[in-house]
Amino acid sequence: MHYFITGTDTDAGKTFVTCLLLDALKRTGRRAAGFKPFCCGDRGDAIRLLQASADGLTLDEINPVWLKVPAAPYVAALMENRKLDLAAIHAAFDALAAKHDTVLIEGAGGWEVPVATGVAVADFAEAFALPVIVIVNNKLGALNHALLTIKNIESRGMKCAGLILNHVRDERDPASISNRAALEAFTKAPVIAEIMHGETEIDWPLD
């Protein structure tokens, strides 16, 4: 099974959590790979995914589109006068999926970030028809962002496989303590994991 991973905002920790999930998958004996269709700015996230993926892959296989401008893919492509070939990106995913038990596709920014003309991350993800894992930056404001994201996923007929609460900061506040209970009360999407600040290993939460 393959999954699309999105976040409630740019700083939700998608790459960090995706790498932990890849490590967990490998410990179960599965051949797993990360897939970062778009890198905007530096390529550090793609490099981290490559290091966490199964052996034998190249950076370009993990990350087929590298835009140098640190902005949304649509904006970065405009500024670099590049036209993104979304069909080629889907073909790159198919090639990875053919050789791996699980591929985790990491989106760019949040769910509605523009990717190409008339195409947001949500539209791009819908074309893959994969279950979606939502990484929630567990802070004040997370409830609104998470619930809006889940509702949009489900309105498209897609499955939200679950939420992962990521404690980006070490400090705790009432929101970060209560967000899990509130999310469980307001959505049927399960909270499949909660990652505390400083954790470096989790179990694979889906089977």
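Determine whether the range 180-193 contains at least one residue that is among the aromatic types (Phe, Trp, Tyr) and either under 15 Å from the mean Cα position of the chain (by Cα) or buried (at least 21 other Cβ atoms within 10 Å of the Cβ) (or both).
Of the residues in the range 180-193, the ones among the aromatic types (Phe, Trp, Tyr) are 186.
Then drop every residue that is not either under 15 Å from the mean Cα position of the chain (by Cα) or buried (at least 21 other Cβ atoms within 10 Å of the Cβ) (or both), which leaves none.
Scanning the range 180-193 turns up no residue that is among the aromatic types (Phe, Trp, Tyr) and either under 15 Å from the mean Cα position of the chain (by Cα) or buried (at least 21 other Cβ atoms within 10 Å of the Cβ) (or both).
I need the strands (runs of 3 or more DSSP E) fully contained in the range 110-207, keeping only those with at least 2 residues that are of a type in the set (Gly, Ala, Ser) and touching a His at 6+ places or on another chain (Cβ under 9 Å).
none
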List, please: which pairs have Cβ atoms under 8 Å, are six or more places apart or on different chains, and start with a residue in the range 165-186 that is of a type in the set (Asp, Glu) and end with one that is exposed (fewer than 10 other Cβ atoms within 10 Å of the Cβ) and not in a strand (DSSP E or B)? Asp170/Gly198
Test result for Ala54, of a type in the set (A, V, I, L, M), crowded, with 18+ Cβ neighbours inside 10 Å and in contact with a His (Cβ under 7 Å, 6 or more places away or on another chain): yes
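Can you tell me which of Val103, Val119 is among the hydrophobic types (A, V, I, L, M, F, W, C), touching a helix residue (DSSP H, G or I) at 6+ places or on another chain (Cβ under 9 Å) and surrounded by fewer than 17 Cβ atoms within 10 Å (Cβ to Cβ)? Quick ask: steps written out before the conclusion?
Details: Val103 fails: surrounded by fewer than 17 Cβ atoms within 10 Å (Cβ to Cβ).
Selected residue: Val119, the only one of Val103, Val119 that is among the hydrophobic types (A, V, I, L, M, F, W, C), touching a helix residue (DSSP H, G or I) at 6+ places or on another chain (Cβ under 9 Å) and surrounded by fewer than 17 Cβ atoms within 10 Å (Cβ to Cβ).
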Arg30 being assigned to a loop (DSSP other than H, G, I, E, B) and farther than 28 Å from Thr117 by Cβ: yes
Inside the range 92-120, the number of residues satisfying the requirement of being among the small types (Gly, Ala, Ser), under 13 Å from His2 (Cβ atoms) and either in contact with a Gly (Cβ under 9 Å, 6 or more places away or on another chain) or in contact (Cβ under 8 Å) with a residue 60 or more places away in the chain (or both) is 1
If you take the residues of the range 1-44 that are over 20 Å from His145 (Cβ atoms) and among the acidic types (Asp, Glu), which of them is surrounded by the fewest Cβ atoms within 10 Å (Cβ to Cβ)? Asp42
Looking only at the range 162-179, filter to residues that are closer than 18 Å to Asp9 by Cα and among the hydrophobic types (A, V, I, L, M, F, W, C); which one of those is farthest from the chain's Cα centre (by Cα)? Ala175
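The numbers here are math on the coordinates, done by the rules we state, and not lab data. Being a predicted model, the structure only gives us computed values, none of them experimental. Every residue, glycine as well, gets a Cβ built from its backbone with ideal geometry; the counts of neighbours run over all protein chains shown.
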